[in-house]
1. Within the range 615-638, how many residues are modelled with pLDDT of 90 or more and either surrounded by fewer than 16 Cβ atoms within 10 Å (Cβ to Cβ) or among the basic types (Lys, Arg) (or both)?
2. Do you know which residues across the range 143-158 are in a helix (DSSP H, G or I) and buried (at least 17 other Cβ atoms within 10 Å of the Cβ)?
3. Every residue in the range 263-300 that is assigned to a helix (DSSP H, G or I), open to solvent by 50 Å² or more (accessible area, probe 1.4 Å) and closer than 15 Å to residue 222 by Cα, please.
4. Identify all residues within the range 531-564 that are over 41 Å from the mean Cα position of the chain (by Cα), surrounded by fewer than 19 Cβ atoms within 10 Å (Cβ to Cβ), in a loop (DSSP other than H, G, I, E, B) and not charged (D, E, K, R); write none if there are none.
5. Which one of these does residue 78 not meet: (1) open to solvent by 10 Å² or more (accessible area, probe 1.4 Å); (2) in contact with an Asp or Glu (Cβ under 9 Å, 6 or more places away or on another chain)?
6. Pairs only if they're at least six apart or on different chains, beta carbon under 7 angstrom, first in the range 316-337 and of a type outside the set (A, V, I, L, M), second open to solvent by less than 20 Å² (accessible area, probe 1.4 Å) and part of a loop (DSSP other than H, G, I, E, B); list them, first residue then second.
7. Which pairs do you get when a residue that is in contact (Cβ under 8 Å) with a residue 40 or more places away in the chain and under 18 Å from residue 422 (Cβ atoms), found in the range 491-510, comes within reach of a residue that is among the aromatic types (Phe, Trp, Tyr) and part of a loop (DSSP other than H, G, I, E, B), reach meaning Cβ atoms under 7 angstrom, with the pair 6+ apart or on two chains?
8. For the structure I just gave you, tell me whether residue 84 is open to solvent by less than 60 Å² (accessible area, probe 1.4 Å) and either of a type in the set (Lys, Arg) or in contact (Cβ under 8 Å) with a residue 40 or more places away in the chain (or both).
Amino acid sequence: MAEKTWDQTPLTPSCARALNDKIYEKRKAAALEIERLVKELAQTGETEQIMKLVNVLSRDFALSSNPNSRKGGLIGLAATAIGLGKDIALFLPQLIKPALSCLSDQDKKNRYYACEALYNIVKVARGCVLQHFNSVFCELVNLASDPDLDVKNGSELLDRLMKDIVTESNSFDVVNFIPNLRDRIHATNSYTRQFLISWVTTLDSVPDINMLQFLQEILDGMLLMLGDENKEIRKMCESQLDIFLQEIKASPGDVDFPSMVNILTFHSQSTVELIQLTAITWLREFVNLAGRSMLFFASSLLTAVLPCLSIYGRDNVKEVAKAVNQNLMRLVTTEDDKEDEIKKEEKQVEGSPNTNSIKVSSSLPPKIKLEIAPVVEVLLKHLHQQSLMQTKIAVLRWIYHLHLKTPRKIFQHVEQIFPVLLQTLSDVSDEVVLLDLEVLSEVVSSSAGPQSEVGFQSKPIPGTNIYFTKFMISLLDLFCKDSQLLEDRGFFIIRQLCLLLKLEDVFRSLSEILLEKEDLKFATKMVQTLNTILLTSTELFGLRNQLKELKTKEICSLFSCLYKTWCHNPVATVSLCFLTQNYKHACDIIFYFGELEVTVDFLTEIDKLIQLLESPIFTYLRLQLLDGENNQYLVKSLYGLLMLLPQSTAFSVLRHRLDCIPSRESLPKPKNSKQGIGKKEEDSRKSIDFVELFQHFKNLREKHSNAKHSRGKNLDKVHI
């Protein structure tokens with residue numbers, strides 16, 4: 001069967017044979033002949049013959065299955081381009097297509113010759129090749145990672161030529177090119193990454209191209225390149241990103257901030273320090289440049305920066321994250337709490353047919369108002385989880401700040417926030433607990449909260465809302481469930497509350513709630529704690545002075561309230577009577593001790609009371625012992641305590657103190673029952689019904705006794 005033959009005119013048979021020869025010099029000679037032929041045809045305007053020649057070189061040679069023929073075809077196409085010169089535009093598609101096809105040839109030599117041929121074609125075509133730029137670029141991307149060094153060098157020459165053409169052109173279609181770049185920007189090969197960065201740098205250097213408008217398309221891939229193993233690539237990418245950031249600062253109006261925030265937020269959690277630092281740094285600049293517009297992304301920004309505040313070993317990241325957090329917090333103002341205005345604006349935008357007065361951006365609302373719900377969700381997530389200390393502190397400061405700036409909005413979520421704040425009181429960090437107490441104090445005293453209802457208090461407490469009582473109830477429940485927390489942090493928490501809130505309200509509320517507690521054992525322990533705080537804490541100095549004098553009906557009412565609860569602990573009740581100079585009543589209680597069961601714990605409490613009596617707090621009481629005539633009930637009370645004590649250190653201390661009383665053996669009988677009390681305080685003290693209080697004391701002691709015996713019987717049953 002005869003072989004199929006092709007009409008190869010105007011190519012001569014000798015020239016065709018030379019193109020197919022395996023010797024390079026013969027192929028080169030044929031190429032020179034083709035160049036001369038094309039020039040002659042171009043001069044005479046024989047366009048059809050030139051097109052026929054190009055098709056022959058493409059079909060019979062460049063796209064042939066014979067390697068030598070492909071080499072001949074490539075050099076022939078290059079010679080044709082050189083021969084055409086300025087007339088190349090008409091034939092450019094037919095010249096480029098076969099050359100591009102050969103760039104993916106399995107034979108490395110053919111790939112090299114394809115690079116060479118394409119270089120010559122492009123060199124002649126110059127700006128005309130931009131119509132085929134995407135096709136050339138795709139092949140150059142592949143050649144950037146070619147394993148053959150000669151092919152790689154050849155592709156680099158072609159790449160530099162393409163960059164020169166793009167740089168000097170004012171008609172490069174960057175919009176059409178960006179999707180091509182975006183699709184390849186996530187390449188993982190180092191050579192490919194280097195190639196792509198070089199093109200980004202080149203395009204950004206062209207005055208007529210504004211790469212900021214397309215930055216969101218390539219930012220993700222460029223950030224990933226910062227984690228490349230090749231130091232040079234990291235350096236190139238970091239340098240270009242720095243240039244972009246400076247351009248953003250210079251022309252923020254050209255930047256699509258919204259489309260990049262989520263990208264930066266994602267990379268802010270990267271395990272690669274350079275990626276994380278770059279992402280956080282960009283977010284800092286975005287907050288500074290875009291201002292309140294960034295409140296639209298407040299929850300995303302908080303998701304990015306909060307974990308970074310506690311990051312270990314990355315001080316630079318931590319400092320930048322701190323700046324982002326602080327700057328974002330400053331953007332929240334009281335304007336964000338005006339819910340009515342927001343709704344009004346929304347109705348105008350939706351309902352009015354003429355919205356020319358409101359400039360609505362496609363990416364951001366016309367007037368940015370902080371959306372509290374997603375922010376609260378992020379804050380509680382980081383507070384509830386086992387986050388590190390600095391993150392929790394930042395979260396608590398945010399909640400506090402929101403209560404100051406947007407109290408109405410934040411109170412819509414208080415039912416979510418309140419339990420988490422209570423749980424945070426168990427945190428291991430004192431700093432976290434202290435700040436948590438500040439936040440809780442702001443919550444319970446906020447005027448935006450529902451006002452107090454009549455509950456444990458006889459009337460609402462001024463300056464508080466219903467969460468004041470809820471907080472106190474929850475706090476006592478927390479102490480009841482977690483005895484270790486009460487032991488470790490009880491003093492600290494209550495003392496801080498006395499600084500943050502009105503201490504009279506704190507003690508009254510806790511006292512009234514405790515009086516309703518069914519757990520008598522816990523109530524006794526809690527009263528012991530509160531009594532120690534009352535008698536020893538410097539924060540309660542003023543309250544102790546008021547109780548000591550009992551000058552007003554209000555403070556007398558507080559005394560009665562405390563007394564009823566203090567009755568859970570008999571010795572604490574006596575100490576309260578000593579503090580308030582109600583010595584006769586103290587004496588009555590001490591004598592009633594004879595009817596109570598004296599236990600080791602009971603004697604230990606008396607021992608502690610003796611130590612307190614020797615402290616500076618009760619200096620006034622010890623000085624009153626000098627006036628035996630008007631303070632016989634005080635002396636009698638102390639002797640009563642002495643008689644209750646066994647022979648111990650406390651016994652010796654108290655006995656020595658009583659030995660110092662002048663004329664101890666001949667104390668006169670009392671003339672009245674107002675020992676240690678002046679006329680100024682007499683009227684206010686009359687409002688205290690000591691008979692009722694003493695009966696309450698007896699009833700509560702009986703309740704404790706019955707409960708104890710009931711527990712004992714239950715234990716006996718279990719033992720049996």
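The values are calculated or read from the model by the stated rules, or taken from the named source; none is laboratory data. Please read these numbers as outputs of a predicted model, since none were measured by experiment. Here the Cβ positions follow ideal geometry from the backbone for every residue, glycine too, while neighbour counts run over all protein chains shown. Keep in mind that these areas ignore ligands, DNA and RNA; they rest on the heavy atoms of the full protein, side chains included. Shrake-Rupley method; radii C 1.70, N 1.55, O 1.52, S 1.80 Å.
1. 7
2. Going residue by residue through the range 143-158, those that are in a helix (DSSP H, G or I) are 143, 149-158.
Residues satisfying the conditions are 143, 151, 152, 154, 155, 158.
3. Going residue by residue through the range 263-300, those that are assigned to a helix (DSSP H, G or I) are 263-267, 273-300.
Of the ones still in play, those that are also open to solvent by 50 Å² or more (accessible area, probe 1.4 Å) are 266, 273, 284, 288-289, 292, 296.
Result: 266, 273.
4. If the condition is that a residue be over 41 Å from the mean Cα position of the chain (by Cα), surrounded by fewer than 19 Cβ atoms within 10 Å (Cβ to Cβ), in a loop (DSSP other than H, G, I, E, B) and not charged (D, E, K, R), then 552 is the only one that fits.
5. (1)
6. 336/370; 336/406; 337/406
7. Between residues of the range 491-510 that are in contact (Cβ under 8 Å) with a residue 40 or more places away in the chain and under 18 Å from residue 422 (Cβ atoms) and residues that are among the aromatic types (Phe, Trp, Tyr) and part of a loop (DSSP other than H, G, I, E, B), the close pairs are 509/456.
8. On the way: open to solvent by less than 60 Å² (accessible area, probe 1.4 Å): yes; either of a type in the set (Lys, Arg) or in contact (Cβ under 8 Å) with a residue 40 or more places away in the chain (or both): yes.
Yes.
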